[in-house]
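Peer 1: Shown below is the structure under consideration.
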Amino acid sequence: ETGVTQSPTHLIKTRGQQVTLRCSSQSGHNTVSWYQQALGQGPQFIFQYYREEENGRGNFPPRFSGLQFPNYSSELNVNALELDDSALYLCASSPRGATNEKLFFGSGTQLSVL
Amino acid sequence: SQQGEEDPQALSIQEGENATMNCSYKTSINNLQWYRQNSGRGLVHLILIRSNEREKHSGRLRVTLDTSKKSSSLLITASRAADTASYFCATAKNRDDKIIFGKGTRLHILP
(Lines give C-alpha, C1' and ligand atoms only; values in the text may rest on other atoms or scores of the structure.)
Protein backbone atom coordinates (compact mmCIF):
# COMPACT_ATOMS: atom_id res chain seq x y z
CA GLU A 1 0.00 0.00 0.00
CA THR A 2 1.53 3.31 -1.09
CA GLY A 3 1.12 6.23 1.30
CA VAL A 4 0.40 9.87 0.53
CA THR A 5 3.35 11.60 -1.10
CA GLN A 6 3.86 15.33 -1.58
CA SER A 7 6.34 17.28 -3.65
CA PRO A 8 8.42 19.29 -3.28
CA THR A 9 9.30 19.01 0.41
CA HIS A 10 10.60 22.57 0.60
CA LEU A 11 10.09 25.60 -1.61
CA ILE A 12 11.22 29.22 -1.50
CA LYS A 13 9.36 31.83 -3.53
CA THR A 14 9.18 35.60 -3.63
CA ARG A 15 6.10 37.73 -3.13
CA GLY A 16 3.90 37.92 -6.23
CA GLN A 17 5.06 34.63 -7.71
CA GLN A 18 2.93 31.58 -8.34
CA VAL A 19 3.45 28.09 -6.91
CA THR A 20 2.15 24.58 -7.62
CA LEU A 21 2.25 21.86 -5.00
CA ARG A 22 1.61 18.21 -5.83
CA CYS A 23 0.08 15.31 -3.98
CA SER A 24 -0.36 11.62 -4.76
CA SER A 25 -3.12 10.05 -2.74
CA GLN A 26 -2.89 6.71 -0.99
CA SER A 27 -3.79 3.74 -3.15
CA GLY A 28 -7.56 3.26 -3.29
CA HIS A 29 -8.39 6.72 -1.92
CA ASN A 30 -10.52 8.97 -4.11
CA THR A 31 -10.80 12.06 -1.90
CA VAL A 32 -8.02 14.59 -1.34
CA SER A 33 -8.06 17.47 1.14
CA TRP A 34 -5.55 20.31 1.42
CA TYR A 35 -4.65 22.10 4.63
CA GLN A 36 -2.46 25.10 5.47
CA GLN A 37 -0.61 25.02 8.77
CA ALA A 38 1.11 28.15 10.05
CA LEU A 39 3.85 27.77 12.64
CA GLY A 40 2.42 26.85 16.04
CA GLN A 41 -1.15 26.57 14.72
CA GLY A 42 -3.49 23.77 13.74
CA PRO A 43 -4.12 22.83 10.12
CA GLN A 44 -6.64 25.11 8.37
CA PHE A 45 -8.89 23.51 5.76
CA ILE A 46 -8.35 24.93 2.25
CA PHE A 47 -10.51 22.65 0.08
CA GLN A 48 -11.38 19.07 -0.72
CA TYR A 49 -11.57 17.26 -4.07
CA TYR A 50 -13.71 14.25 -4.86
CA ARG A 51 -13.96 12.71 -8.33
CA GLU A 52 -12.11 15.67 -9.84
CA GLU A 53 -14.61 18.22 -8.45
CA GLU A 54 -14.17 20.67 -5.58
CA ASN A 55 -16.24 19.32 -2.70
CA GLY A 56 -16.04 21.98 -0.02
CA ARG A 57 -13.86 25.01 0.54
CA GLY A 58 -12.55 26.82 3.58
CA ASN A 59 -12.06 30.54 4.11
CA PHE A 60 -9.33 31.04 1.51
CA PRO A 61 -9.30 33.56 -1.38
CA PRO A 62 -9.74 32.51 -5.03
CA ARG A 63 -6.00 32.77 -5.66
CA PHE A 64 -5.88 29.37 -3.94
CA SER A 65 -7.07 26.85 -6.50
CA GLY A 66 -6.77 23.14 -7.05
CA LEU A 67 -7.15 20.23 -9.39
CA GLN A 68 -7.72 16.54 -9.03
CA PHE A 69 -6.76 14.13 -11.80
CA PRO A 70 -8.37 10.83 -12.90
CA ASN A 71 -5.78 8.90 -10.89
CA TYR A 72 -6.92 10.92 -7.82
CA SER A 73 -3.64 12.81 -7.49
CA SER A 74 -4.04 16.53 -6.86
CA GLU A 75 -2.41 19.92 -7.22
CA LEU A 76 -2.68 23.06 -5.13
CA ASN A 77 -1.96 26.31 -6.96
CA VAL A 78 -1.41 29.62 -5.25
CA ASN A 79 -1.19 32.81 -7.32
CA ALA A 80 0.18 36.20 -6.32
CA LEU A 81 1.97 34.86 -3.29
CA GLU A 82 1.90 36.92 -0.11
CA LEU A 83 4.26 36.79 2.86
CA ASP A 84 1.46 35.28 5.00
CA ASP A 85 1.26 32.31 2.64
CA SER A 86 4.45 31.01 4.25
CA ALA A 87 3.34 27.78 5.92
CA LEU A 88 3.38 24.00 5.84
CA TYR A 89 0.92 22.74 3.22
CA LEU A 90 -0.52 19.36 3.97
CA CYS A 91 -2.33 17.02 1.66
CA ALA A 92 -4.52 14.23 3.04
CA SER A 93 -6.43 11.47 1.32
CA SER A 94 -9.35 9.42 2.54
CA PRO A 95 -11.19 6.36 1.24
CA ARG A 96 -14.59 6.32 -0.36
CA GLY A 97 -17.36 6.14 2.22
CA ALA A 98 -15.19 7.41 5.04
CA THR A 99 -14.19 10.83 3.86
CA ASN A 100 -14.77 12.43 7.25
CA GLU A 101 -13.56 9.59 9.45
CA LYS A 102 -9.84 9.27 8.92
CA LEU A 103 -7.34 11.35 7.02
CA PHE A 104 -4.05 9.96 5.79
CA PHE A 105 -1.52 12.78 5.59
CA GLY A 106 1.56 13.32 3.51
CA SER A 107 4.69 14.85 5.05
CA GLY A 108 3.85 18.28 3.69
CA THR A 109 5.49 20.99 1.63
CA GLN A 110 7.17 23.78 3.57
CA LEU A 111 6.64 27.00 1.60
CA SER A 112 8.60 30.12 2.42
CA VAL A 113 7.61 33.40 0.75
CA LEU A 114 10.25 36.14 0.86
CA SER B 1 -11.72 28.75 11.26
CA GLN B 2 -10.96 26.47 14.19
CA GLN B 3 -13.76 24.30 15.57
CA GLY B 4 -11.85 22.77 18.46
CA GLU B 5 -9.74 24.30 21.21
CA GLU B 6 -7.23 22.12 23.01
CA ASP B 7 -6.19 22.67 26.58
CA PRO B 8 -3.49 23.01 27.75
CA GLN B 9 -1.53 24.58 24.90
CA ALA B 10 1.63 22.92 26.21
CA LEU B 11 2.31 20.13 28.69
CA SER B 12 5.55 18.73 30.11
CA ILE B 13 5.53 15.54 32.19
CA GLN B 14 7.98 12.92 33.38
CA GLU B 15 8.33 9.70 31.44
CA GLY B 16 6.01 7.09 32.86
CA GLU B 17 3.37 9.57 33.99
CA ASN B 18 -0.05 9.92 32.38
CA ALA B 19 -0.81 12.83 30.07
CA THR B 20 -4.30 14.29 29.71
CA MET B 21 -5.33 16.73 27.01
CA ASN B 22 -8.73 18.30 26.59
CA CYS B 23 -10.65 19.57 23.60
CA SER B 24 -13.73 21.77 23.48
CA TYR B 25 -15.76 22.39 20.34
CA LYS B 26 -18.58 24.68 19.32
CA THR B 27 -21.17 22.93 17.16
CA SER B 28 -22.80 19.51 17.04
CA ILE B 29 -20.62 16.81 15.53
CA ASN B 30 -20.78 13.44 13.80
CA ASN B 31 -17.44 12.33 15.19
CA LEU B 32 -14.31 13.59 16.92
CA GLN B 33 -10.80 12.44 16.12
CA TRP B 34 -7.36 12.84 17.63
CA TYR B 35 -4.17 13.17 15.58
CA ARG B 36 -0.47 13.33 16.45
CA GLN B 37 2.14 15.41 14.65
CA ASN B 38 5.88 14.99 15.10
CA SER B 39 8.23 17.89 14.37
CA GLY B 40 5.83 19.83 12.10
CA ARG B 41 5.45 17.03 9.57
CA GLY B 42 2.40 15.03 8.53
CA LEU B 43 -0.33 14.20 11.03
CA VAL B 44 -1.11 10.64 12.07
CA HIS B 45 -4.64 9.54 12.97
CA LEU B 46 -4.81 8.09 16.48
CA ILE B 47 -8.43 7.39 17.30
CA LEU B 48 -12.01 8.29 16.35
CA ILE B 49 -15.01 8.49 18.66
CA ARG B 50 -18.54 8.86 17.31
CA SER B 51 -21.13 11.22 18.74
CA ASN B 52 -23.12 8.32 20.23
CA GLU B 53 -20.08 6.92 22.05
CA ARG B 54 -18.79 8.05 25.45
CA GLU B 55 -15.43 6.32 25.76
CA LYS B 56 -12.99 4.47 23.56
CA HIS B 57 -9.64 2.75 24.10
CA SER B 58 -6.74 1.97 21.81
CA GLY B 59 -3.57 0.61 23.43
CA ARG B 60 -2.33 3.28 25.85
CA LEU B 61 -4.88 5.79 24.59
CA ARG B 62 -8.22 6.51 26.18
CA VAL B 63 -10.66 9.01 24.69
CA THR B 64 -13.84 10.31 26.27
CA LEU B 65 -16.58 12.39 24.70
CA ASP B 66 -19.21 14.49 26.47
CA THR B 67 -21.57 15.89 23.84
CA SER B 68 -23.60 17.80 26.44
CA LYS B 69 -20.48 19.79 27.35
CA LYS B 70 -19.09 19.69 23.81
CA SER B 71 -15.78 18.39 25.09
CA SER B 72 -13.40 15.47 24.74
CA SER B 73 -10.29 14.29 26.53
CA LEU B 74 -7.33 12.22 25.42
CA LEU B 75 -5.42 10.27 28.05
CA ILE B 76 -2.05 8.74 27.27
CA THR B 77 -1.00 6.31 29.99
CA ALA B 78 2.58 5.39 30.94
CA SER B 79 4.06 8.06 28.68
CA ARG B 80 7.26 7.44 26.70
CA ALA B 81 9.81 9.75 25.12
CA ALA B 82 8.40 8.83 21.71
CA ASP B 83 5.04 10.39 22.74
CA THR B 84 6.65 13.86 22.52
CA ALA B 85 4.62 15.53 19.77
CA SER B 86 1.74 17.89 19.11
CA TYR B 87 -1.75 16.47 19.53
CA PHE B 88 -4.79 17.83 17.70
CA CYS B 89 -8.47 17.16 18.07
CA ALA B 90 -10.53 17.33 14.89
CA THR B 91 -14.26 17.29 14.30
CA ALA B 92 -16.65 16.59 11.46
CA LYS B 93 -20.21 17.89 11.63
CA ASN B 94 -21.68 15.23 9.40
CA ARG B 95 -20.68 12.37 7.14
CA ASP B 96 -19.98 14.56 4.12
CA ASP B 97 -18.43 17.51 5.89
CA LYS B 98 -14.82 18.57 6.09
CA ILE B 99 -12.63 17.78 9.10
CA ILE B 100 -11.70 20.83 11.16
CA PHE B 101 -8.69 20.88 13.49
CA GLY B 102 -8.00 22.65 16.75
CA LYS B 103 -4.79 24.53 17.59
CA GLY B 104 -3.18 21.58 19.35
CA THR B 105 -1.44 20.66 22.58
CA ARG B 106 2.35 20.39 22.52
CA LEU B 107 3.35 17.47 24.75
CA HIS B 108 6.93 17.08 25.97
CA ILE B 109 7.98 13.94 27.81
CA LEU B 110 10.94 14.52 30.12
CA PRO B 111 13.45 11.69 30.62
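Peer 1: Closer than 30 Å to A:GLN6 by Cα, at pLDDT 95 or above, more than 11 Å from the chain's Cα centre (by Cα) and among the charged types (D, E, K, R), is that true of B:ARG80? Walk me through it before giving the result.
Peer 2: Details: closer than 30 Å to A:GLN6 by Cα: yes; at pLDDT 95 or above: yes; more than 11 Å from the chain's Cα centre (by Cα): yes; among the charged types (D, E, K, R): yes.
Taking the combined requirement at face value, the residue satisfies it.
Peer 1: How many of the residues making up the range A:57-114 are away from chain B (no Cβ under 14 Å) and touching a strand residue (DSSP E or B) at 6+ places or on another chain (Cβ under 9 Å)?
Peer 2: We begin by selecting, within the range A:57-114, every residue away from chain B (no Cβ under 14 Å); these are A:61-65, A:67-85, A:113-114.
Remaining after also requiring touching a strand residue (DSSP E or B) at 6+ places or on another chain (Cβ under 9 Å): A:63-65, A:67-69, A:71-79, A:81-85, A:113-114.
Matching residues across the range A:57-114 total 22.
Peer 1: Scan the range A:21-56 for residues that are within 11 Å of chain B (Cβ to nearest Cβ), in contact (Cβ under 8 Å) with a residue 60 or more places away in the chain and either in contact with a Pro (Cβ under 6 Å, 6 or more places away or on another chain) or surrounded by fewer than 19 Cβ atoms within 10 Å (Cβ to Cβ) (or both) and report the count.
Peer 2: Total meeting the criteria: 1.
Peer 1: Could I ask something else about it? Against the definition (away from every other protein chain (no Cβ under 14 Å), at pLDDT 95 or above and in contact with a Leu (Cβ under 9 Å, 6 or more places away or on another chain)), how does B:SER73 come out, yes or no?
Peer 2: yes
Peer 1: So which residues in the range B:76-104 are at the interface with chain A (Cβ under 10 Å from one of its Cβ atoms) and either crowded, with 20+ Cβ neighbours inside 10 Å or aliphatic (A, V, I, L, M) (or both), if there are any at all? If you could, list the steps in order and put the result at the bottom.
Peer 2: So in the range B:76-104, the residues at the interface with chain A (Cβ under 10 Å from one of its Cβ atoms) come out as B:86, B:88-104.
Result: B:SER86, B:PHE88, B:CYS89, B:ALA90, B:THR91, B:ALA92, B:LYS98, B:ILE99, B:ILE100, B:PHE101, B:GLY102, B:GLY104.
Peer 1: For the range B:23-34, which residues satisfy the criterion of being in a loop (DSSP other than H, G, I, E, B) and buried (at least 16 other Cβ atoms within 10 Å of the Cβ)?
Peer 2: Passing the criteria: B:ILE29, B:ASN30.
Residue-wise test of (1) surrounded by 16 or more Cβ atoms within 10 Å (Cβ to Cβ); (2) under 11 Å from the mean Cα position of the chain (by Cα); (3) in a loop (DSSP other than H, G, I, E, B).
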residue: B:ARG36; (1), (2), (3): yes, yes, no
residue: B:SER39; (1), (2), (3): no, no, yes
residue: B:ILE47; (1), (2), (3): yes, yes, no
residue: B:ASN52; (1), (2), (3): no, no, yes
residue: B:HIS57; (1), (2), (3): no, no, no
residue: B:LEU65; (1), (2), (3): yes, yes, no
residue: B:SER73; (1), (2), (3): yes, yes, no
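Peer 1: For the range A:73-109, which positions are in contact with a Pro (Cβ under 9 Å, 6 or more places away or on another chain) and among the polar types (S, T, N, Q)?
Peer 2: Passing the criteria: A:ASN79, A:THR109.
Peer 1: Which condition does B:TYR25 not pass, out of (1) out of contact with any Asp or Glu (no Cβ under 8 Å at 6 or more places or on another chain); (2) closer than 26 Å to A:ASN55 by Cβ, if it passes all the others?
Peer 2: (1)
Peer 1: If you check A:ASN100 against the conditions, is it without any contact (Cβ under 8 Å) to a residue 24 or more places away in the chain and not small (Gly, Ala, Ser)?
Peer 2: On the way: without any contact (Cβ under 8 Å) to a residue 24 or more places away in the chain: yes; not small (Gly, Ala, Ser): yes.
Answer is yes for this residue.
Peer 1: Separate question: Report the residue count in the range B:24-62 for those that are within 11 Å of chain A (Cβ to nearest Cβ) and more than 22 Å from B:ASP96 (Cα to Cα).
Peer 2: Final tally of qualifying residues: 7.
The values are calculated or read from the model by the stated rules, or taken from the named source; none is laboratory data. Not measured: the values here are computed from a predicted model. All Cβ positions, even for glycine, are placed from backbone atoms using ideal geometry, and neighbour counts span all protein chains on display.
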